[in-house]
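S.K.: Have a look at the structure that comes next, please.
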Amino acid sequence: MLIALSVSLCAQTPTPRFEAASIKRSAPDAHGGRTLTSGGRFEVSFWTVMGLIEWAYDVKPFQVIGGPAWLQTPVTHDTERFDVAAKTDAAVSTSQMRLMLQTLLAERFALKLGRETRELPVFTLITGKSGPNFQETTGGDPSLLMYRGGLVGHGATMSQLAAMLVRDRPVLDKTGLTGHYDFTLKWPDDDPNSPEIFTAIQEQLGLKLEASKGPVEVLVIDSCSKQPSEN
């Protein structure tokens with residue numbers, strides 16, 4: 001009896017990368033900068049290496065730990081910044097572009113990192129004693145928009161609200177509210193990091209932010225070059 005053995009060889013998934021990319025040091029007198037991350041083009045100016053890492057991996061600053069001291073130093077006017085212009089032959093999604101930037105950072109800045117889940121300080125979003133002070137949506141296209149000094153949600157979830165409130169630490173949704181809601185939140189001093197936002201959330205939405213600890217996904221930087229390799 002003959003036994004036929006078939007072996008299927010799976011083609012290795014190619015590493016996502018830009019067709020062409022240029023990284024240059026920003027001009028010393030530059031201020032602000034452009035940001036274009038659509039179609040097949042990624043063009044930014046006056047960005048720090050940390051900023052590039054945060055965008056590439058879709059994380060907040062508190063989710064990036066370790067690495068050389070210069071990477072974790074607070075940003076000042078002396079912090080070195082870069083202009084990046086990269087493109088592909090075809091339009092790609094934002095998630096694909098993030099993967100391409102990850103490859104670029106690994107190749108040009110020798111970035112090496114790992115992912116971990118650590119127990120870190122967080123805020124938990126919970127309902128207050130009197131319950132939520134807003135109603136489930138009556139229909140229409142869902143949206144959640146933040147503007148200077150407030151935000152407006154229509155058909156939004158509590159998880160989406162929690163994500164919008166993230167600043168210096170994660171906000172975890174523990175409200176138990178699973179529907180889609182309409183609400184408006186304003187904070188008086190135009191600063192979402194202000195302690196007054198705690199009062200605003202409680203008085204206007206009937207919710208509370210409580211400090212606690214919880215699991216947070218983080219990037220642990222092993223190594224990163226301060227200067228990129230040549231174009």
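S.K.: I need the full set of residues from region 124-148 which are over 27 Å from S212 (Cβ atoms) and among the basic types (K, R), in order please.
M.R.: Within region 124-148, R148 is the sole residue that qualifies.
S.K.: Is there a residue in region 160-171 that is in a loop (DSSP other than H, G, I, E, B), in contact with a helix residue (DSSP H, G or I) (Cβ under 7 Å, 6 or more places away or on another chain) and modelled with pLDDT under 95?
M.R.: Within region 160-171, one or more residues are in a loop (DSSP other than H, G, I, E, B), in contact with a helix residue (DSSP H, G or I) (Cβ under 7 Å, 6 or more places away or on another chain) and modelled with pLDDT under 95.
S.K.: Considering region 23-45 alone, what residues qualify as being more than 17 Å from D78 (Cβ to Cβ) and either of a type in the set (A, V, I, L, M) or touching a helix residue (DSSP H, G or I) at 6+ places or on another chain (Cβ under 7 Å) (or both)?
M.R.: I23, L36, T37, F42, V44
S.K.: Does E116 satisfy being charged (D, E, K, R) and under 17 Å from the mean Cα position of the chain (by Cα)?
M.R.: yes
S.K.: Do we have V75 as at pLDDT 95 or above and within 26 Å of A27 (Cβ to Cβ) here?
M.R.: No: the conditions fail for V75.
S.K.: Return yes when T124 is in contact (Cβ under 8 Å) with a residue 12 or more places away in the chain and either small (G, A, S) or more than 30 Å from E196 (Cα to Cα) (or both) and no when it is not.
M.R.: No: the conditions fail for T124.
Residues are listed down the side, and each one gets a yes or a no for (1) within 19 Å of the chain's Cα centre (by Cα); (2) modelled with pLDDT of 95 or more; (3) crowded, with 16+ Cβ neighbours inside 10 Å:
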{"position": "L36", "(1), (2), (3)": "yes, no, no"}
{"position": "K60", "(1), (2), (3)": "yes, no, no"}
{"position": "V92", "(1), (2), (3)": "yes, no, yes"}
{"position": "E107", "(1), (2), (3)": "no, yes, no"}
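The values are calculated or read from the model by the stated rules, or taken from the named source; none is laboratory data. Since this is a predicted model, take the numbers as computed values, not measurements. Note: ideal-geometry Cβ built from the backbone for every residue, glycine included; neighbour counts use all protein chains shown.
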